[in-house]
Each structure stands twice: as structure tokens, then as C-alpha cells.
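**Q** Structure in C-alpha cells, see below.
The values are calculated or read from the model by the stated rules, or taken from the named source; none is laboratory data. Nothing here was measured: the structure is a model prediction, and the numbers come from that model. All Cβ positions, glycine included, derive from the backbone under ideal geometry; neighbour counts span all protein chains shown.
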Amino acid sequence: MTKSPTNDACPAVEAPELAPAAIARPDLMTVEDAKALSVAMMTDLFKTHINPGQLHFMKLLGFHKVKVERAEGMYYYDQDGRKILDFFGGFGSLALGHNHPRIIAARNKFQDEKRHEIAIAFMSQYAAALAHNLAACSPGDLDMVFFGSSGSEAMEAALKLAERATGPARPKTVYAENSFHGKTKGTLAVTDGKLYRAEFCLNDNTVRVPFGDIGAVESAFHSDPQIGAIVLETIQGGGGIIQAPAEYWQKLRKLCDQYGVIWVADEVQSGFGRACRFYAFENYGVVPDITTLAKSLGGGKSAMAAMIARRDVYMKAYGTPKTAMIHAQATFGGIGEACITAVEAINVLYDENLIENSAETGAYLLDRLRALQAKYPKIIKEVRGRGLMIGIEFQDFSQTLPAVLRPVVGMLDDKLKGSLSGFVGALLLRDYDVLVAFTEYNRNVIRLEPPLICTRDHVDTFIHALDSLLARGIISIVKDFVKSQVG
Ligand SMILES: Cc1ncc(COP(=O)(O)O)c(C=O)c1O
């Protein structure tokens, strides 16, 4: 028995300490138990331990019935041997497809050689090589690299760097309407989703402007000298695949130079070759001050993210021994296997000409979708995008749907009301074995972000599925969806 240390606020009490005992093994599952879980057991554990509310959406979309046993290239394979074509691509995380053989081989070799992972004490040759590769892929003097494990972490690093580089007199950051930069507290302050912001107490040193409106940017910079940074996705993903024209970016670069504002380009979703160039901003012949990558940088196998900054900006913030540790890597930043995975992923991207393929196959997909839009003008409102980052916006049918069906649809889910995308996505999966993605802020938009290994044959399969589904007509689509929910 020991006594608690004495102080005035906390008088000493006799506190029994537990005697050492044999540690009982809790009721643990093994890796093999995990692989063998049934759909029902997975559902139960998801409900009990992960996110019961999320299951509601998975049920609406039919995701809850699928147990993926294997994934390779463009496909998932489920418990019944069903082959599901992946046009969702993990919101842009699977540029190389699932389990690319070169990625698997590099990772296996790294493990067989018993290489070290944690790079806190010693320098890491793997992080050094990855930083070199990223600087080599990045235009201008985007040379300094910070590693993290998620897009949000890279964006946090970018926001902190911008704030330190411009100094305490200019703490304000401009962000765009319908932006998405992550769900951590710092990134939420520049993420425009009411749902995600909820009622958190966020940094309010922010100014919101419409995306693509250069006049709004100029008047913000002009009227508020406290603005030190502007953060923008180059192509808005969560907003529904929204682009701004080249002149916007070129004027933005000039305005940032004129007012000394740091431009942070979020390329977490649009980068890594998805939009016809390594970074989407390269389509416009401009270079930001700071950019971020995540998602596909991890080769579809690891959690890897990077912030890449112009050297002078970086040096202003963290360039001295005194300031160097202010925002140095976290425990898992630059971890070995994730770094070599990203090194190999970048090599595969260039060796297999996947950036060119995003442009060529993306153009083919857009053409074929535009033909479908011409065929079904009452269903498809717009098709847009660049490379293999494409949105299909459906007409809002909430008012045109026969009155008898409206309450049924309304009852199903508040979010799907008036939106065909949920119905189309759910039926594409159920009836055609095709997976597509949805869009945070515009429920009428389906997002297509297939792996960059996608071929014209995959596009033809997808178009055939969508064409057959849309040929049923809106009323049948809604009825089939409703039946799928009750059946
Ligand atoms: C543009 C953009 N920025 C940041 C993020 C946040 O990335 P993560 O989910 O890895 O934290 C995302 C995620 O979808 C994104 O699309």
C-alpha cells in the first residue's frame, strides 16, 4: 500500500493499490476470425461499436449486403463471388486500382527485409526518397514536404504553415462556398458543410467567398488586410465536381502576389494524376504556394498524405532550429512502409502512363455520358468534369414525380428526397454490379472517380449499365428502389 502525495487541496488518504495479478485474456477476435465474419455479424458489430446511424445510409444504398472478400484492379469480389465494377474508387483513393501487383511486391519485399517503420529518432531513407519524388513531380519551387496520414492532417499542416508564414497580423483565411477540406477541427473552419460544422466552436478567422468568383476574392483581399491565406480545392469534389476557368486561377495567382496572400491548393482528391496532370492546377499554368496530396498517394494500400510548400514560405515559418519543431512530423508521419508504397505508386503512375490515361479515358467517358444526356434529357441535367473526376447531375424530380409516389419517397429518407442519384446508385449496384459515389453537398450528383487504370471497355460496361437503368424511366426507377427497400 502507498500513500497519495500530500498537498493542501488533496489531503492524504489511504489508497489501496491492486496487487499484481494474472492478466485474463479478454474475449478477442483473431485476424482469421475477422476474415470469417458473416454479413450479419459484421452488421451487428458495426451497430454495436462503430456507427449505428451510418448503417441507415448503407441500407438505403444496399452497401450493407456486401462483404468484400477480395479486390483486384477495377473490381471488388464479394462473398457470393459477385464481381463489382468500381467507379467510386474510394473518392479518388485508388488511382492504381485495387492491390496493384507492383505495390504488393514492394510492400512484401520491404517486410521480408525487416526494414524499420518509425522514423522519429533516425532519418528515414524512405521518407527522403519520397520527398525527392514529390518535389520532382511538383512544378516551380514546391520543394519542401511534410508527411501525414490523412488529407485532413495535410490540410491542417498547410493552414498552420500559411498562418505562420504570413504572421500574427494576418490570421484570416479565405475559403470557398461548398468547400470540403476535412473533418478535423482546423479544417472544419474552412469546410463549408453545415452538417459537418454542426455547432462546433470553430476558428472564426475566416472569410467565405463563392467558388470561381474572382471579383469576390479581390474585394475580400482589398477590404481586409488581415487576410493572409486562401484555401481552395482545385476541383470541388464534395461540391459536385465544380471547376473554375483558367482565367480564375491565373488572376488568383496575380492577386495573391499583389496582396502577399498565400494560396493553398487542396489536391487531396483532384491530384495524383486524376485530372489530366499530376496536379489539377497544372492545367492552368499556375503554381500555388502550398499544396496537399493524400488518398491515391498511398497506392491504395496505405494511409499517406503530404503537404508540399514553396521553400521560401516553409523557411519563413519553420526555417530555424528554434522554430523547426513547431510542426514537425507526428509519430506516424513518414512511416517506412507507407513511404515506400508512395514511392512505388508514383513510379507506377508514370511507368504505366496513367496520367495520360486519365485524360484519354476520361474524355471518352465524358463523351459517352454526354450522349446519354442527349438521350435522357429529362433525367440527366448535366455531365461535367476533367480526366477521371466526373459528375453526373440529375434533374430535380421532386416536383415532377407523380403525387402518389412523393410521400413514399419522402418517408424513405430526407436526404434522398428529390434526388435520383441515391436511387440510381443503389440500383446500379443491385442490378448491374456497378459501384458509384455520392456527393456531400449536392445529392443530385453522382461522382465517378474510377481508378486511372480504367479502360474503354470498363467505360463501355458502365455506360451500358447506366443506359439500361435509365431506359426504365424515372417512375420505374423510383418504384424499383422503393421495392428494394421493402423487399
Ligand atoms: C478535397 C479534400 N480535402 C481534404 C480531404 C480530407 O481527407 P481525409 O479524409 O483523408 O482526411 C478530402 C477527403 O475527402 C478531400 O476530398
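**Q** Do we find that residue 159 is within 16 Å of the ligand (Cβ to nearest atom) and under 23 Å from residue 312 (Cα atoms) in this structure?
**A** For residue 159, the condition - within 16 Å of the ligand (Cβ to nearest atom) and under 23 Å from residue 312 (Cα atoms) - is met.
Residues are listed down the side, and each one gets a yes or a no for (1) within 16 Å of the ligand (Cβ to nearest atom); (2) among the β-branched types (Val, Ile, Thr); (3) in the same structural domain as residue 279 (by TED's automatic domain parsing):
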{"residue": "204", "(1), (2), (3)": "no, no, yes"}
{"residue": "226", "(1), (2), (3)": "no, no, yes"}
{"residue": "239", "(1), (2), (3)": "yes, no, yes"}
{"residue": "245", "(1), (2), (3)": "no, no, yes"}
{"residue": "251", "(1), (2), (3)": "no, no, yes"}
{"residue": "256", "(1), (2), (3)": "no, no, yes"}
{"residue": "268", "(1), (2), (3)": "yes, yes, yes"}
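**Q** Does residue 215 meet the test of being touching a residue at least 40 places away in the same chain (Cβ under 8 Å) and not hydroxyl-bearing (Ser, Thr, Tyr)?
**A** No, not satisfied.
**Q** A follow-up question, please. Identify all residues within region 175-204 that are within 23 Å of residue 305 (Cβ to Cβ) and hydrophobic (A, V, I, L, M, F, W, C); write none if there are none.
**A** Just the residues of region 175-204 that are within 23 Å of residue 305 (Cβ to Cβ), to begin with: 175-176, 178-193, 196-197, 200, 202-203.
Within region 175-204, 176, 180, 188, 189, 190, 200, 202 meet the criteria.
**Q** Considering only residues that are over 30 Å from residue 127 (Cα atoms) and either within 20 Å of the chain's Cα centre (by Cα) or aromatic (Phe, Trp, Tyr) (or both), which ones fall in region 146-178?
**A** 175, 176, 177, 178
**Q** For the condition under 20 Å from residue 428 (Cα atoms), exposed (fewer than 15 other Cβ atoms within 10 Å of the Cβ) and of a type in the set (A, V, I, L, M, F, W, C), what is the one hit in 68, 39?
**A** None of the other options fit; the residue is 68.
**Q** Restricting attention to region 293-306, report how many residues are assigned to a strand (DSSP E or B) and over 14 Å from residue 333 (Cα atoms).
**A** Looking only at that region, the number is 0.
**Q** A further question on this structure: Run residue 149 past the list (1) in contact with a Phe, Trp or Tyr (Cβ under 8 Å, 6 or more places away or on another chain); (2) away from the ligand (no atom under 16 Å from the Cβ) and report the number of the one that doesn't hold.
**A** With respect to (1) in contact with a Phe, Trp or Tyr (Cβ under 8 Å, 6 or more places away or on another chain); (2) away from the ligand (no atom under 16 Å from the Cβ), residue 149 is out only on (2).
**Q** Determine which member of the set 445, 459, 478 is surrounded by 20 or more Cβ atoms within 10 Å (Cβ to Cβ), more than 19 Å from residue 66 (Cα to Cα), modelled with pLDDT under 95 and in the same structural domain as residue 359 (by TED's automatic domain parsing).
**A** Sole residue among the options that is surrounded by 20 or more Cβ atoms within 10 Å (Cβ to Cβ), more than 19 Å from residue 66 (Cα to Cα), modelled with pLDDT under 95 and in the same structural domain as residue 359 (by TED's automatic domain parsing): 478.
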